[in-house]
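Student: Structure incoming, see below.
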Amino acid sequence: MGDMANEIKLLTGNSHPKLASLVADRLGIQIAKTMSLNYSNQETSVTIGESVRDEDVFILQSTAPGDINDGLMELLIMIHACRTASARRITAVIPNFPYARQDKKDKSRAPISAKLIANMLQTAGCNHVITMDLHASQIQGFFNVPVDNLYAEPSVLRWIRENLAGQEYVIVSPDAGGAKRATSIADRLDRGFALIHKERPRPNVVGRMVLVGDVVDKVAILVDDMADTCGTLAKAAATVREHGAREVIAVVTHGILSGDAINILNKSDLSQIVVTNTVPLGDKERLCKKLRVIDVSPTIAEAIRRTHNGESVSFLFNHAPA
Amino acid sequence: MVRNIVILSGNSHPELSEAVCNILGVPAGNRVLSKFSVGETRCEIQDSVRGKDVFIIQSGGGSINDHLIELCIMISACKTGSAKRVTAVLPLFPYSRQPDLPYNKIGAPLSKPPTEVPKEKYTFESVPATPAPGITKTPSFNKETDLARVLSKTSLTNGNGNGNGNGNGNGVHRPNGDYFVNGDTTTSRASTGSSLTHTASFTTHDYENPSLVSTFQAKPGYKRWVAQAGTLVADLLTCAGADHVVALDLHDPQYQGFFDIPMDNLYGRPLLKRYIQQNIPDYKEAVIVSPDAGGAKRATAIADSLGMEFALIHKERRPTRITDRQNATMMLVGNVMNRVCILIDDLADTANTITRAAKLLRKEGATAVYALLTHGVFSGDAIQRINASALDKVIVTNSVPQHEHRKLCPKLEVLDVAPIFAEAIRRIHHGESISVLFHYD
């Protein structure tokens, strides 16, 4: 092991060790020995227990709802530690990019936090970023280093094909912003498409909703990139039901499910909510019987392998590794 | 009244910002600073900052990572909002102490044997204590994981009960291990009567989760690499867009060199000096004590300028392994018999160092023990420890919020640093020299 330089070293922070071990299993490697913990004054301390000199380092850190900032600092410190420990290349694997929704100056003096995070990652010493379903793909432009934005779409398509075969269904976008994502899935599945237009008076609050398209007597599949407080999803589900849908299923890449989300989902008209495991779910699967999880670790592992070997990653944009 | 200036406050220490604003006679800038339900920081600056000189006050106590990211986002928001200059004012600088565990002051690894018994492969043949691959291990070798505990016991009891730990009959020589035992016991013996041995936990960095630390094992043959976040924090502030940084009593003065932007390190020393002169009776008869060698310079500066005597506590900190409760030995250099002692330090976190120093000073005949600190972080059970300790009074500044601490600790007195920061902000804004605030003496 040690005599062959430049191997994959997979490091993980504390946010999503489960995904990291799935990825490591897939790659057939061990997660590198690291320890990160908080001192009693709440400063984060990172210790790396093996050499990363001249190795190809991948640091997997998702964003666990609640301590986003702690996870972020942990990631930055880990990147910095690897850089000062002479790693050849450091790739941050961030399945769910933090602060992705704060990506524009939508009012005076609003911070473009996503840009700040991008700058911070590069300042810490990151040479490459692998992420999944960025809220806005323009965030890639915030970086001066390569960013691979993977898609959960192939995995989602497979899930729909496997689980809803033979049923009459229609893809619904819960807001205008997600129309492109939803139409792409509808086209690939060769199914109908509908759109909900919503008015949003304040962040995390949803206003009136209008449905465009036909869902009568069909299974409506709501497609979105993330489900946070789930207010939108629940209202969209209700709207679609009012318009005559037989059943409503939500398929979402990032299941953040913060705040009161689980309660809202349990009470909602959704029969199933399908998320990927980019975000740690904790015991939410137990609390919400409607929750289904798609494992995207094969896609992430394959992206890591291809990045390391210098192969093209674009294959993964259309295919999910089995 | 100062014009064209905007003072923004982070969530870490609103009282201090308010006090600074009152002294300067300007209202605090309006901002929304909260969290989205997912935990991401939400920030909106509501007053215009275009062309303004912006000062953002954010201390490093409490949930440090939140406050640091919050600060970076505020700086970035002001920068993109066309502020003329953004100054980050950090009364307590986050991550200002570098982890000191496996490396000593000059950065060289502490001499210790690899704690983990190598099992399969060896990647570093250059490490002297590591046996070469191919040497077969007998089962008894595995018991060597207990070696560290045995070693620490020997240094505590001053005995040399190291026989069983090293008694592996497989012929693997562990030169470092033997050396270490000798070295440690000698030093603890040399400390004669004026030494206290301790089994207490880490003196400054108390791990929150000792079980995690004890299960962590570096790869055989590899010394662990502890991240040094100092440069990173400096870089992050710069990359967020800070043009200027102001801090108070940095733990390491070298920290200033981590920045490529101007950085002013203010001193709390005049405040502490004034307190000694005004509040300690017969202070000329008292002794200034530094609780560790690192703070000696800070303490002698005060002792010299007040014409007082000085003593030093030397802390022998040589962990046999990282997971061990540190068997620090303390010894006092100087005489404190029948004198009032004033401990001077820049920062108390878990308060281990100062409470143990106080215990030692009392044992050595001190009549009263004061502790004067710039930053009172008091995390973990620091307050309870102080309450139960031999300290008579603890004097800190309000560089971090002290309201809660004061309620819990009757020994605590708080000095106000708002005037220092207000004056520094005023002078920086007007482009006046702030060297009078430094009091290099």
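Student: Which members of the range B:372-397 meet the condition of being open to solvent by less than 60 Å² (accessible area, probe 1.4 Å) and either under 16 Å from the mean Cα position of the chain (by Cα) or charged (D, E, K, R) (or both)?
Tutor: Residues satisfying the conditions are B:LEU372, B:LEU373, B:THR374, B:HIS375, B:GLY376, B:VAL377, B:PHE378, B:SER379, B:ALA382, B:ARG385, B:VAL396, B:THR397.
Student: Follow-up question, since we're still on this one. Taking the condition of being open to solvent by 10 Å² or more (accessible area, probe 1.4 Å) and not in a loop (DSSP other than H, G, I, E, B), how many residues in the range B:49-95 meet it?
Tutor: Count: 7.
Student: One residue is enough: does the range A:108-122 have a residue meeting the conditions within 12 Å of another protein chain (Cβ to nearest Cβ), at pLDDT below 95, over 30 Å from A:ALA182 (Cβ atoms) and open to solvent by 10 Å² or more (accessible area, probe 1.4 Å)?
Tutor: Yes: one or more hits.
Student: Further, regarding this structure: Please find, among B:VAL20, B:VAL32, the residue that is within 13 Å of chain A (Cβ to nearest Cβ) and over 21 Å from A:MET73 (Cα atoms). Outline the logic, then answer.
Tutor: On the way: B:VAL20 fails: within 13 Å of chain A (Cβ to nearest Cβ).
Within the list B:VAL20, B:VAL32, the selection yields B:VAL32.
Student: Could you tell me which residue of the range A:243-277 is surrounded by the fewest Cβ atoms within 10 Å (Cβ to Cβ), considering only residues that are assigned to a strand (DSSP E or B) and hydroxyl-bearing (Ser, Thr, Tyr)?
Tutor: A:THR276
Student: Still on this model: Condition first: open to solvent by 10 Å² or more (accessible area, probe 1.4 Å) and within 24 Å of the chain's Cα centre (by Cα). Now tell me which residues in the range B:332-351 satisfy that. Write out each step before concluding.
Tutor: Start the filter on the range B:332-351 by keeping residues that are open to solvent by 10 Å² or more (accessible area, probe 1.4 Å), which leaves B:332-335, B:337-340, B:345, B:347.
Once the filter is applied, which keeps residues that are open to solvent by 10 Å² or more (accessible area, probe 1.4 Å) and within 24 Å of the chain's Cα centre (by Cα), the range B:332-351 yields B:LEU332, B:VAL333, B:ASP345, B:LEU347.
Student: To continue, here is another question. Taking only pairs six or more apart or across chains, which ones have beta-carbon atoms under 8 Å, a first residue in the range B:223-237 that is more than 7 Å from chain A (Cβ to nearest Cβ) and in contact (Cβ under 8 Å) with a residue 24 or more places away in the chain, and a second residue that is of a type in the set (Phe, Trp, Tyr) and in a loop (DSSP other than H, G, I, E, B)?
Tutor: B:GLY230/B:TYR95; B:VAL233/B:PHE93; B:VAL233/B:TYR95; B:ALA234/B:PHE259; B:LEU237/B:PHE259
Student: Next up: Within the bounds of the range A:11-31, is there any residue that is within 13 Å of another protein chain (Cβ to nearest Cβ), within 18 Å of A:SER297 (Cβ to Cβ) and assigned to a helix (DSSP H, G or I)?
Tutor: yes
One line per residue, one yes/no per condition, for (1) buried (at least 21 other Cβ atoms within 10 Å of the Cβ); (2) outside the structural domain of B:MET331 (by TED's automatic domain parsing); (3) part of a helix (DSSP H, G or I); (4) aliphatic (A, V, I, L, M):
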| residue | (1), (2), (3), (4) |
| --- | --- |
| B:VAL233 | yes, yes, yes, yes |
| B:LEU237 | yes, yes, yes, yes |
| B:ALA242 | yes, yes, no, yes |
| B:VAL246 | yes, yes, no, yes |
| B:GLN254 | no, yes, yes, no |
| B:GLY257 | no, yes, yes, no |
| B:GLN277 | no, no, yes, no |
| B:PRO281 | no, no, no, no |
| B:ILE288 | yes, no, no, yes |
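The values are calculated or read from the model by the stated rules, or taken from the named source; none is laboratory data. For clarity, every value in this text was computed on a predicted model and none was experimentally measured. Ideal geometry is used to build each Cβ from the backbone, glycine not excepted, and the neighbour counts take in all protein chains shown. We work out accessible area using only protein heavy atoms, side chains counted, and drop any ligands, DNA or RNA first. Shrake-Rupley method; radii C 1.70, N 1.55, O 1.52, S 1.80 Å.
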